[in-house]
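Asker: I'd like to ask you about the structure that follows.
Read the figures in this text as sums done on the coordinates, not as results from a lab. These numbers were taken from a predicted model, which means no experiment stands behind them. Here the Cβ is made from the backbone with ideal geometry for all residues, glycine too, and neighbour counts use every protein chain on show.
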Amino acid sequence: METFIEMSEREISRLEVLKLVVAGMMTQIEAGKRLSLTDRQVRRLLERYSTEGARGLVSRQRGKPSNHRTEERLRKRIMKRVREKYSDFGPTLAVEYLREEGFDISKETLRRNLPTMGMGCLTI
């Protein structure tokens, strides 16, 4: 039975380089330079490749939300506040006022969320 694995181009290039290392055609240090990784990271990848195969090289974060995203409840509170008080402000000024109110959000996060609120961004 065939199994398909979805891989990014970066993961495919890692796989190709690791195959060369396993075949003895490239050293771990050379592989690290080629992949912009340390030789220790290459050893870790080789171990995962030897135990799990190509599937071990696929990012374990795929399909999961980012660790750096704003919590949904907080995002909704912030967007409600922007709609109520700062709808005619640009993202930079709105963020300054929101920070005074105790909300910690970056202007880029706010800018990214404005279109989802049906609000354009006047100041870019």
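Asker: Taking into account only those residues within segment 48-60 that are under 15 Å from GLU16 (Cα atoms) and assigned to a helix (DSSP H, G or I), which is nearest to the chain's Cα centre (by Cα)? If you could, list the steps in order and put the result at the bottom.
Answerer: At the first step, the residues of segment 48-60 found to be under 15 Å from GLU16 (Cα atoms) are 48-50, 53-58.
Still in the list and also assigned to a helix (DSSP H, G or I): 48-50, 53-57.
Values: ARG48: 21, TYR49: 23, SER50: 26, GLY53: 24, ALA54: 21, ARG55: 19, GLY56: 19, LEU57: 16 Å.
Step by step, filter segment 48-60, then rank; the result is LEU57.
Asker: Oh, and also: With the condition kept exactly as written, say whether any residue in segment 32-55 is acidic (Asp, Glu), surrounded by fewer than 10 Cβ atoms within 10 Å (Cβ to Cβ) and without any contact (Cβ under 8 Å) to a residue 24 or more places away in the chain. Give the derivation first.
Answerer: If we filter segment 32-55 for residues that are acidic (Asp, Glu), which is where we start, we get 39, 47, 52.
Those left that are additionally surrounded by fewer than 10 Cβ atoms within 10 Å (Cβ to Cβ): none.
Checked against the condition, which is being acidic (Asp, Glu), surrounded by fewer than 10 Cβ atoms within 10 Å (Cβ to Cβ) and without any contact (Cβ under 8 Å) to a residue 24 or more places away in the chain, segment 32-55 yields no hits at all.
Asker: Scan segment 34-49 and give yes if some residue there is of a type in the set (Lys, Arg) and farther than 30 Å from THR3 by Cβ, otherwise no. Spell out the reasoning first.
Answerer: As a first pass, look at segment 34-49 and keep what is of a type in the set (Lys, Arg): 34, 40, 43-44, 48.
If we keep only those that are farther than 30 Å from THR3 by Cβ too, we end up with none.
No, there is no match, as no residue in segment 34-49 is of a type in the set (Lys, Arg) and farther than 30 Å from THR3 by Cβ.
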